[in-house]
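Structure in C-alpha cells, see below.
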Amino acid sequence: MTPNLFSNLNRRKFIGLSTLFLLGACGAQTTQSTTSSGKSKIVFWTMQLKPQFDKYMTDLIAGFVKENPTAEVEWVDIPWGEMETKILSSVAAKTAPDVVNLNPQFASKLAEKKALVDMGKAISDADKASYFPNIWKANQLDNVTFGLPWYVATDITIYNRSLFEKAGLDPAKPPKTFEELTKVSEQIKAKTGKYAFMLTMDGGQVLEAMVQMGMKLLDPNGKAAFNDPAGKAAFDYWVNLFEKQLIPREILTEGHRKAVELYQAGELAILLTGPQFLQAVAKNAPETAKTTDIGSQITGSTGKKSAAVMNVAVPTTSTNQELAVKFALYLTNAENQLAFTKVENLLPSTIKSSSDRYFTEAAKDASILDRARVISASQLPQSEVLIPPAKDIEKLRKIIYEELQLAMLKEKSSDKAIASAAERWNSL
C-alpha cells in the first residue's frame, strides 16, 4: 500500500456517474453466487492492499470460513486508480462484488443511485455501537448508512524544532489552534524569513480548516449555510494570511506535494498532514528529520479534528447479501481491525481496538512513528469527516475555492466572494 493512500483517495476528482453507468458491462465479469460444491460464494474487492496485506487477508478469510463452513470468499485487489470505473461498470451490469472497499465520498455516489445496502438497517444496534459515532456518520447520506467504517487516518502537526528555536519559539509547544498558528507564522516569518505552514487547495485541507473554524457548509435543505459571520471570518483568515505574505503564493497553484517538498527543504516550519509522511521526510530529508517533532492536529474554535475514513459496502446486486453483511462485520470487528492496523500505520474505527495499549502507550524512548500513532489515535473521539458526503460536494468545494482565491488576490472583498459562492451553489 502506498504511504499516501488516504491523500490520493481523498484528493481525487470523481468521474461522472451518468457516463460510467452507460458503460454497462465494459470489463465486467459475471460472478457465481454458489460454487460447484454448493458453497455460498462472495467476492470481496479491496483498494490497493496487495502485496502488503496478503498474509493478513488470507488468514482473515480462513478465519471467516472456519466460522462459516458453507461460505467461500474470493479476494480481488484493485489498483486505486481503476476502482471507480470498475465498480461503476460492474454495478451497472449487475455483476458487482458482494463486498467492496471504498471511501465515503465515492461510496455516496453509489448511494445516490440506491446501489448500496443500508447498513443502518442491516446490522444490530449493538454492532453499530462498536464504532466511533463520529466515524460512523461518515458513511451516511440523508437517512441511509451506505457502508461500515473500516480503517481511519487523522492528521497531526509535524514541525521543525530548529526553526522554532531560531524564531524564539518554544520547540516543545507547537500551536494547537489556527489562532495560535497565526501568531507563530508572524514570528517565524519575522525572525527567519521562512513560512510557518501551507495548507493546500488540491483537496479538502483548506475547506476542512474553515469548518474547524466554525463555517457551516450546508443547511438541512442542501442550500449554502456559509454566508454568515462564521463563514466570513473563515474567509478573512486566509485572505489576511495571504495579504500579510504569511503563507506561500504557491497555495494558489500547488498541491500537498509542494508543502511536503518545502518542509523537507527546511523552508516550511510546520507540515499539517498524516503521520505516514514522517517516513517520507526520514527517507528524503534526513537532516530535516533530525530536527522534526510532532504534535496534535491543529483545530479551530469548534475543537473538531479531521479524519479520512475508508469503508466497506455491500452492493444491492449481491445475491448473498446476508453473508456479505456478515463478512463486512467480521472484517471490521475490533479484533480484526486491531490486527489490520498493526500491519500498516493506520487507525481503527472501532472503540475497543483503539483502547489497546498499542494505541494508548508509547515508551519514553519510543520512535517518532510510535509517538505519532498514539497522538493520532487519541484524536479519534473528536475526529470526523469534516466535508460530509452530499450531492455535488466536489462542485461546492470548487466554488468556494474559486471565490476564496479571488478574495486573496483582491479581486473581490471577502464579503462579496462568499456571497457569490453561496449564490453560485444555490443556483445549481
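The values are calculated or read from the model by the stated rules, or taken from the named source; none is laboratory data. Keep in mind that what you see is a predicted model, and the values were worked out from it rather than measured. Glycine gets a Cβ as well: all are built from the backbone with ideal geometry, and neighbour counts include every protein chain shown. Please note that ligands, DNA and RNA were not included when accessible areas were found on the heavy atoms of the full protein model with its side chains. Shrake-Rupley method; radii C 1.70, N 1.55, O 1.52, S 1.80 Å.
At most 11 other Cβ atoms within 10 Å and a DSSP loop assignment: could you name the trypsin sites (Lys or Arg not before Pro) in the stretch 294-384 that fit?
Loop-located and lightly packed - Lys364.
Tell me the label-point distance for the pair Thr316, Leu369, using the 7 Å Cα-to-Cβ offset, in nm and rounded to one decimal.
Computed distance between label sites Thr316 and Leu369 equals 4.3 nm.
Still on this structure, I have one more. For the stretch 146-164 and the stretch 386-407, what is the centre-to-centre distance using only Cα atoms, to the nearest Å?
22
Find how much the distance from Lys244 to Asp392 grows on full extension, using 0.36 nm per residue of separation minus their present alpha carbon separation; answer in nm with one decimal.
Additional length available on full extension: 49.9 nm.
I've got another one for you. How much accessible area per residue does the stretch 43-93 have, counting only protein heavy atoms and a probe of 1.4 Å, in square angstrom?
43
Right, something else. Compute the FRET efficiency between Ser413 and Glu179 as 1/(1 + (r/R0)^6), taking r as their Cβ-Cβ distance and R0 = 22 Å, and round to the nearest 0.05.
FRET efficiency, Ser413 to Glu179: 0.45.
Only four residue types carry charge here, +1 at the Cβ of Lys and Arg and -1 at the Cβ of Asp and Glu. Report the dipole size of the stretch 47-91 about the Cα centre in Debye, rounded to the nearest 20.
60
If you don't mind, another one. If r is the Cβ-Cβ distance from Glu344 to Glu423 and R0 is 60 Å, what FRET efficiency results, to the nearest 0.05?
With R0 = 60 Å, the Cβ-Cβ based efficiency is 0.85.
How big, on average over all directions, is the shadow cast by the Cα convex hull of the chain, in nm²?
Reported value for the Cα convex hull: 20.8 nm².
Based on the mean of other Cβ atoms within 10 Å per residue, sort peptides 94-106, 261-273 so the most packed one is first. Mind dumping the intermediate values first?
Numbers: 94-106: 24.3, 261-273: 22.1.
Per-residue Cβ counts within 10 Å, averaged per peptide and sorted highest first, yield 94-106, 261-273.
For the stretch 59-158, which whole percent of the accessible surface, found with a 1.4 angstrom probe, sits on carbon and sulfur atoms?
For the stretch 59-158, the apolar C and S fraction of the accessible surface comes to 50 percent.
While we're on this one: Could you provide, to the nearest whole Å², the per residue accessible area of the stretch 276-428 with probe 1.4 Å?
44
Can I ask one more? Please report, as a whole percent, how much of the solvent-accessible surface of the stretch 294-428 comes from carbon and sulfur atoms (probe radius 1.4 Å).
51
Alpha carbons only, please: Rg and Dmax for the stretch 106-158, in angstrom.
Gyration radius and largest Cα-Cα distance of the stretch 106-158: 12.4, 41 Å.
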